[in-house]
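Encoded as C-alpha cells, the structure appears first; notes follow it.
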Amino acid sequence: MEFVRIERVNLVDAVYKQLYEMIASGKLPEGTKLESENKLAESFSVSRVVIREALQKLRSEKLVVTRQGAGTYVANPKNFLLNTQSIDMTEAAYRDFLHFRESVEYGAVSLAKTAAVDEDFDELDRCVRQMEITSKDKSNFDEADYCFHLAMVKCSHNVYLENAMKANYQMLVSVFDAMNSLPAADNFGMASHRELAAMMRRRDVKGVIKAYNEMGKYNIARLAEYFKK
C-alpha cells in the first residue's frame, strides 16, 4: 500500500503567507495596527519566535513597519521608493506637531460633539473631495490637507482654536508637505481623512481621537528612516 507523503509545514512561511494575503487583499489596510506578538502567537497557535520571524519577513518587504513603544503597523511599500535620504522634518519637529494637534484639534473635536452643525460636516466632506481632486498636485494637496484640519477645528465654533490653526498655517503646511512627500502617501491620506470625516458626522469623539493617536504612531514608524537627523 502506498501512502501520500505528508510535507512538513514551515510555520514561519505559513504565518507570513496568511498575513501577506490579508494585507494584499486590503483586509488589513495601511495604517492598521497589528496585535502584539503574544496575541498573534495565541491567534495562530504558534510560538512568539515564529511570529517574530514572520513579521521580520514582512518588515523586510516594507509591508509592515515597527517602532518600539508604538507597535507594528501595516505599511505601503511604495512609500519607501523615495530617492532622497531624508524629508525636510526632524522627528522632534513632528512630535511637536503632534503635541499641537493634541492641544488644539483634540479639544476642538470634543467641543464639536455639541457645537457642530450639518454644514460643518458638509465642509469636511468637501475638503476630502478636494484632496481627492488634487491628489496628484502636491502643493494643492498639502493645502487641501490643511483646509481639512482647519475645518475640523471650525466644527468647535471656538474662535481661539480656529485662530491657533490660522496663526500656525505655514508650520502646519510644512509638516503636511514633508509627510506627503513620500511616494503614494496620498492613498493613506485620503482614506484616513475620509474616515475622520465620517466619524465626525457621527459625533464619535473617542473614535476620532483614537484614530488621530494611531495615525501619529504609524507616521512616526513609517517616517523613522526619513526624518532629518
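Would you be able to tell me the number of residues in segment 66-108 that are surrounded by 14 or more Cβ atoms within 10 Å (Cβ to Cβ), more than 20 Å from F176 (Cβ to Cβ) and of a type in the set (G, A, S)?
3
Taking into account only those residues within segment 206-228 that are of a type in the set (S, T, Y) and assigned to a helix (DSSP H, G or I), which is farthest from the chain's Cα centre (by Cα)?
Looking at the filtered set, the residue picked out is Y212.
Against the definition (free of Cβ contacts under 8 Å to residues at least 12 places away in the same chain, under 20 Å from the mean Cα position of the chain (by Cα) and surrounded by fewer than 19 Cβ atoms within 10 Å (Cβ to Cβ)), how does S60 come out, yes or no?
yes
Which count do you get for residues in segment 152-184 that are in contact with a Lys or Arg (Cβ under 8 Å, 6 or more places away or on another chain) and within 27 Å of A115 (Cα to Cα)?
1
Kindly list the number of the only condition in (1) of a type outside the set (S, T, N, Q); (2) modelled with pLDDT of 95 or more; (3) out of contact with any Ser or Thr (no Cβ under 8 Å at 6 or more places or on another chain) that fails for A178.
A178 satisfies every listed condition except (2).
Please return the ranges of helices (runs of 4 or more DSSP H) entirely within segment 1-66 where 1 or more residues are under 25 Å from R194 (Cα atoms).
11-25
Select, from R203, R129, the only residue that is assigned to a loop (DSSP other than H, G, I, E, B), basic (K, R) and surrounded by fewer than 16 Cβ atoms within 10 Å (Cβ to Cβ).
Of R203, R129, the one residue that is assigned to a loop (DSSP other than H, G, I, E, B), basic (K, R) and surrounded by fewer than 16 Cβ atoms within 10 Å (Cβ to Cβ) is R203.
Yes or no: K39 in the same structural domain as K27 (by TED's automatic domain parsing) and either touching a Phe, Trp or Tyr at 6+ places or on another chain (Cβ under 8 Å) or crowded, with 19+ Cβ neighbours inside 10 Å (or both)?
Considered against the rule, which asks whether it is in the same structural domain as K27 (by TED's automatic domain parsing) and either touching a Phe, Trp or Tyr at 6+ places or on another chain (Cβ under 8 Å) or crowded, with 19+ Cβ neighbours inside 10 Å (or both), K39 comes out as no.
Out of segment 26-40, which residues are over 18 Å from Q68 (Cβ atoms) and either touching a residue at least 24 places away in the same chain (Cβ under 8 Å) or of a type in the set (S, T, Y) (or both)?
L28, P29, E30, G31, T32
So P183 clears everything in (1) part of a helix (DSSP H, G or I); (2) surrounded by fewer than 16 Cβ atoms within 10 Å (Cβ to Cβ); (3) of a type outside the set (V, I, T) except one condition, right? Which one?
(1)
In this structure, does K113 turn out to be in contact with a Lys or Arg (Cβ under 7 Å, 6 or more places away or on another chain) and either in the same structural domain as H157 (by TED's automatic domain parsing) or assigned to a helix (DSSP H, G or I) (or both)?
Against the criterion (in contact with a Lys or Arg (Cβ under 7 Å, 6 or more places away or on another chain) and either in the same structural domain as H157 (by TED's automatic domain parsing) or assigned to a helix (DSSP H, G or I) (or both)), K113 qualifies.
Given the criterion surrounded by fewer than 15 Cβ atoms within 10 Å (Cβ to Cβ) and either over 27 Å from S86 (Cβ atoms) or of a type in the set (A, V, I, L, M, F, W, C) (or both), identify the matching residue among K166, K136.
After applying the criteria, what remains is K166.
The values are calculated or read from the model by the stated rules, or taken from the named source; none is laboratory data. Remember, it's a predicted structure, so these values are computed and weren't measured experimentally. With ideal geometry, Cβ positions are generated from the backbone for all residues, glycine too; neighbour counts draw on all protein chains shown.
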